[in-house]
Amino acid sequence: MMNDFFRRQVLLCFASAFILLQAEALSVTDSKQRTSLPLPQQQISRRNALVTAVGSSSVAFSLLISPALPAPAYAQDNALASPLPLTVVPKTQSVLVLGANGGTGRECVIQALQANRPCIATTRSGTFFANDDGSTATSSSSSPSITASPLLQTAACDVRSMDMLRKVISDYKPGAVIFAASASSKKDLNAKDIDCDGVINAAKVCLELGVPRYVVVSSGTVTRPDSFVYQLLNTVGSGIMEAKIAGEDAVRELYKEPSVLQKGLGYTIIRPGGLTDGEPVEASLLELNQGDTKSGRLSRASVAELCIKCLDSVHAWDTTFECYEKDTAKPIESIGLSNILKLRNPTKAQSGFERQGDTWESLLQGLERDSGHATNV
């Protein structure tokens with residue numbers, strides 16, 4: 001008890017000295033600023049200095065005599081401590097596709113249904129066509145009409161309207177939303193309205209209504225304005241690459257808050273290489289990369305299948321990555337010519353962030369989470 005009493009007396013002395021030092025320091029600092037103040041304000045400033053010193057000392061003193069408290073979980077590397085509430089999206093929960101009449105959006109609907117996931121195909125008009133010509137055949141001639149699937153529902157939604165987004169998402173309560181809309185092939189749409197503002201609108205509504213996973217289909221080379229592909233697409237698309245990276249950045253920032261992760265909400269941003277028609281390929285034929293240093297080609301169907309497979313994996317949580325068929329991989333500096341000539345002699349250059357695997361899970365495993373987001377699992 002004597003030792004405890006002595007310790008408290010020492011601490012009290014320390015705290016008293018600290019108060020006086022703080023008050024003097026603040027008073028001196030304040031005196032430099034108060035020469036033009038009337039006398040009552042000078043008195044108030046002196047009193048504020050003392051109050052501030054006492055307050056600061058009280059905090060310091062309480063920390064000295066109290067046992068140390070554990071740091072907040074999210075203080076560890078800007079991320080929540082393990083175990084992380086990263087989840088997959090159960091197959092019983094529906095997938096809502098924005099931009100379902102576009103080439104990639106249509107394939108997302110097809111892949112969701114082939115994975116036996118309920119799907120809501122949304123278009124601006126509310127009418128969904130499985131093919132560009134308005135027919136209801138799938139991308140595979142051997143597959144039955146997807147519009148006849150009992151798992152498919154359709155709805156009207158324009159990503160430029162927060163009200164429409166809020167209504168369709170609250171009505172269907174999907175487990176995931178895939179943003180596959182783009183102004184790239186629509187002459188009546190503005191790139192900023194769709195590829196930037198639309199992406200942000202959907203992200204905000206997903207967070208507001210608690211959608212577990214938000215998947216955005218973006219583009220490879222989107223961070224490389226020095227590349228030929230970026231310059232070409234950005235010129236032809238009237239600023240579409242600028243719009244896409246602005247949308248990406250906003251999504252990453254919106255989902256960075258620790259409270260978002262605590263709610264079990266995450267995102268995935270996919271940057272495909274040059275898009276082709278055709279069937280999806282196996283996971284073993286693809287390569288993922290991070291850093292926007294390499295690209296290649298792959299089918300829209302492969303991109304769509306990757307969107308759906310990401311919902312089954314925690315490894316795609318809060319990640320941004322590029323994707324392409326691995327035998328088409330080239331450095332960004334030479335990808336334009338390679339895609340034009342349809343070359344299949346992959347580069348030997350390595351970024352160190354390549355991911356390959358025989359299964360979808362092994363392909364996605366090891367992806368780095370975006371800066372400031374959850375640590376790897």
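The values are calculated or read from the model by the stated rules, or taken from the named source; none is laboratory data. Note that the structure is predicted; figures quoted are calculated from it, not measured. Don't worry about glycine lacking a Cβ; one is built from the backbone with ideal geometry, like all the others, and counts go over all protein chains shown. Surface areas here come from the heavy atoms of the whole protein model, side chains and all, with no ligands, DNA or RNA. Shrake-Rupley method; radii C 1.70, N 1.55, O 1.52, S 1.80 Å.
Six or more apart or on different chains, Cβ atoms under 6 Å: show the pairs whose first residue is in region 120-133 and open to solvent by 10 Å² or more (accessible area, probe 1.4 Å) and whose second is of a type outside the set (S, T, N, Q) and modelled with pLDDT under 95.
The qualifying pairs are N131/A137.
Quick one: C307 ticks every box in (1) closer than 22 Å to M241 by Cβ; (2) of a type outside the set (D, E); (3) surrounded by fewer than 15 Cβ atoms within 10 Å (Cβ to Cβ) bar one, so which box is it?
The one condition C307 does not meet is (3).
Are there any pairs with C-beta distances below 6 angstrom linking a residue in region 235-264 that is open to solvent by 40 Å² or more (accessible area, probe 1.4 Å) to a residue that is modelled with pLDDT under 90, with the two at least 6 apart or on different chains, and if so which?
Taking only residues 6 or more apart or on different chains, the pairs are K256/G372.
Looking at region 349-374 only, could you name the residues that are open to solvent by 40 Å² or more (accessible area, probe 1.4 Å), charged (D, E, K, R) and touching a residue at least 60 places away in the same chain (Cβ under 8 Å)?
The answer is R355, D358, E368.
Restricting attention to region 215-224, which residues are buried (at least 24 other Cβ atoms within 10 Å of the Cβ) and either of a type in the set (F, W, Y) or under 18 Å from W317 (Cα atoms) (or both)?
Passing the criteria: V215, V216, V217.
Just checking, does region 186-196 include any residue being touching a strand residue (DSSP E or B) at 6+ places or on another chain (Cβ under 9 Å) and crowded, with 24+ Cβ neighbours inside 10 Å?
In the first step, residues of region 186-196 are kept if they are touching a strand residue (DSSP E or B) at 6+ places or on another chain (Cβ under 9 Å); the result is none.
No: region 186-196 contains no residue that is touching a strand residue (DSSP E or B) at 6+ places or on another chain (Cβ under 9 Å) and crowded, with 24+ Cβ neighbours inside 10 Å.
Could you tell me which of the residues S295, S259 is within 15 Å of V211 (Cα to Cα), more than 12 Å from the chain's Cα centre (by Cα) and not charged (D, E, K, R)?
Values: S295 fails: within 15 Å of V211 (Cα to Cα).
Exactly one of S295, S259 is within 15 Å of V211 (Cα to Cα), more than 12 Å from the chain's Cα centre (by Cα) and not charged (D, E, K, R), namely S259.
Just need a number here: residues in region 127-167 that are over 24 Å from A316 (Cβ atoms) and either at pLDDT below 95 or among the β-branched types (V, I, T) (or both).
Residues meeting the conditions: 24.
Consider region 101-119. How many of its residues are open to solvent by less than 10 Å² (accessible area, probe 1.4 Å), closer than 14 Å to A301 by Cα and within 22 Å of the chain's Cα centre (by Cα)? Step through it out loud before you land on a result.
If we filter region 101-119 for residues that are open to solvent by less than 10 Å² (accessible area, probe 1.4 Å), which is where we start, we get 105, 108-110, 112, 117, 119.
Now narrow it down to the ones that are closer than 14 Å to A301 by Cα: 105, 108-110, 112.
Subsequent filtering for residues that are within 22 Å of the chain's Cα centre (by Cα) retains 105, 108-109, 112.
Qualifying residue count, region 101-119: 4.
Would you mind telling me which numbered condition in (1) more than 27 Å from Y172 (Cβ to Cβ); (2) over 21 Å from the mean Cα position of the chain (by Cα); (3) of a type in the set (D, E, K, R) D188 fails?
With respect to (1) more than 27 Å from Y172 (Cβ to Cβ); (2) over 21 Å from the mean Cα position of the chain (by Cα); (3) of a type in the set (D, E, K, R), D188 is out only on (1).
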